[in-house]
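**Student:** Let me begin by handing over the structure; questions about it come next.
The values are calculated or read from the model by the stated rules, or taken from the named source; none is laboratory data. Keep in mind it's a predicted model, so treat the numbers as computed, not measured. Counting neighbours? That spans all protein chains shown, and the Cβs are built from the backbone with ideal geometry, glycine included. The area values use the complete protein model at the heavy-atom level, side chains included, leaving out ligands, DNA and RNA. Shrake-Rupley method; radii C 1.70, N 1.55, O 1.52, S 1.80 Å.
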Amino acid sequence: METLKSVLQSIEQSGQIKADGLQHLTKNETEIVNTLFHENLVSEALVFLEEMDTDAEWHLFMERTMVSKKQKFPFWRPVLKYAAIFVGVIMLGYMMLRQNTSVDELPITESTIKLKMGEDNVKLIQEGDSQQIVSSSGKVLGVQTGNRISYNTDSEIKDLVYNELEIPYGKIFQVELSDGTLVYLNSGTKIKYPVKFLNIGKREVFIEGEAYFKVAKDKNHPFVVHSDQVVVEVLGTEFNFSSYKEEAEIKTVLVEGSVSMSSLLRPQDQLVLVPGSKGAWNKSSNKINKENVDVDLYTGWLKGELVFRNMSFSDMTKKLERSYNVVIENNNELLNGKILNARFHVDIESIEDVMKSIGELHSFRYTIKDRKITID
């Protein structure tokens, strides 16, 4: 940091960049110097650097600026313009400002993946990006790589702090929790979870929508999924969990291991599931039932498949809307009650292909405009 200061002081005095003065700088520091010079921000940068107490703060700054190399350094201008106001402000506060700059500039749409990190801190996630996930206090919680966010197992978090991830219609995403549990999130799903599970009590998450869990084994800390009045508890297993608001049941389908399923309203009705079985809590009757099922019918969405077995068209439309991010307005009451069997793949068949296929079984007219499908 001192070398950089010296170079900037020389530039401020001479009004020019001398090649020999850059020899002892890193490539990244050289880029910063050139940007500051051309943006006429050398004096402001010197004031800003004076507020750093240690070289460690500077190295942390450099580390964070490299998280997103796509940006050049436009954030210097607004920060350095008012550098004098930043007296006494710690470096980590600045780093959060920089970390969130590119995110805040993204437009919020209904097809945006959102990571809520506090009441007033919402990070917008782009699936193709790679970035660190940083708390409001500047602690690195994890990293996003493509369509997955992975939380650190060794973060310094000592309190129970939650993040909430919201997946819009038409998208599937993954989150790896701090204990190594991997969660696949289906379209139209929200999940709330601790950024770090503490070494006491249970590992608890809260969900609305659908997810496939691969739970890391930990016999001392049971893993618990909460949704509405339903509680599913496991030690280490794989299962699919579905709890969409518009559906009549909350369902758990066990793939591997064992889970217990119960209702807060009738805890005495606890079920223990075995692989290949489904537990379902009916929202109207408040009762839980168990039956053996074909697991593939409930987990096909992980591979982009939509599988419908003996399902009414009205129930099918809900899944089609979520998977294809469309709105279906059905004015054909006779069609609503039709029971259908079908299989589609969202990466192969378009929503128009789907409508044509269903139309071959039960004739109806429809129009598609933008993302709205109207059936007559």
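**Student:** Given (1) touching a residue at least 40 places away in the same chain (Cβ under 8 Å); (2) open to solvent by 10 Å² or more (accessible area, probe 1.4 Å); (3) part of a strand (DSSP E or B), identify the lone condition not met by Asn240.
**Tutor:** Going through (1) touching a residue at least 40 places away in the same chain (Cβ under 8 Å); (2) open to solvent by 10 Å² or more (accessible area, probe 1.4 Å); (3) part of a strand (DSSP E or B) one by one, Asn240 breaks only (2).
**Student:** Considering only segment 124-136, state which residues are open to solvent by 60 Å² or more (accessible area, probe 1.4 Å) and either touching a Gly at 6+ places or on another chain (Cβ under 9 Å) or of a type in the set (A, V, I, L, M, F, W, C) (or both).
**Tutor:** Glu127, Gly128, Ser130, Ser136
**Student:** Within segment 252-268, how many residues are more than 21 Å from Tyr298 (Cα to Cα), of a type in the set (Gly, Ala, Ser) and open to solvent by 10 Å² or more (accessible area, probe 1.4 Å)?
**Tutor:** 0
**Student:** Here's a check for you: in segment 156-169, which residue that is out of contact with any Ser or Thr (no Cβ under 6 Å at 6 or more places or on another chain) and crowded, with 17+ Cβ neighbours inside 10 Å is farthest from Asn199 (Cα to Cα)?
**Tutor:** Only one residue tops the list, namely Glu166.
**Student:** Take residues that are farther than 22 Å from Leu264 by Cα and touching a residue at least 24 places away in the same chain (Cβ under 8 Å) and tell me which of the strands (runs of 3 or more DSSP E) falling wholly in segment 168-232 contain 3 or more.
**Tutor:** 173-176, 182-185
**Student:** Can you tell me which residue among Glu176, Glu210, Glu204 is in contact with a Leu (Cβ under 6 Å, 6 or more places away or on another chain), open to solvent by 10 Å² or more (accessible area, probe 1.4 Å) and either at pLDDT 95 or above or of a type in the set (A, V, I, L, M) (or both)? Can you show your working first?
**Tutor:** Details: Glu210 fails: in contact with a Leu (Cβ under 6 Å, 6 or more places away or on another chain); Glu204 fails: in contact with a Leu (Cβ under 6 Å, 6 or more places away or on another chain).
Step by step, each of Glu176, Glu210, Glu204 is checked, and only Glu176 is in contact with a Leu (Cβ under 6 Å, 6 or more places away or on another chain), open to solvent by 10 Å² or more (accessible area, probe 1.4 Å) and either at pLDDT 95 or above or of a type in the set (A, V, I, L, M) (or both).
**Student:** Checking Glu238 against (1) modelled with pLDDT of 95 or more; (2) of a type outside the set (Ser, Thr, Tyr); (3) within 14 Å of the chain's Cα centre (by Cα), only one condition comes out false. Which one?
**Tutor:** (3) is the only condition that Glu238 fails.
**Student:** Please return the ranges of helices (runs of 4 or more DSSP H) entirely within segment 270-376 where 1 or more residues are aromatic (Phe, Trp, Tyr), surrounded by 14 or more Cβ atoms within 10 Å (Cβ to Cβ) and on the phi < 0 side of the Ramachandran plot.
**Tutor:** Correct list: 296-299, 313-324.
**Student:** Something else about it: Given the conditions (1) surrounded by 21 or more Cβ atoms within 10 Å (Cβ to Cβ); (2) out of contact with any strand residue (DSSP E or B) (no Cβ under 7 Å at 6 or more places or on another chain), report the number of the one that Leu198 does not fulfil.
**Tutor:** Going through (1) surrounded by 21 or more Cβ atoms within 10 Å (Cβ to Cβ); (2) out of contact with any strand residue (DSSP E or B) (no Cβ under 7 Å at 6 or more places or on another chain) one by one, Leu198 breaks only (1).
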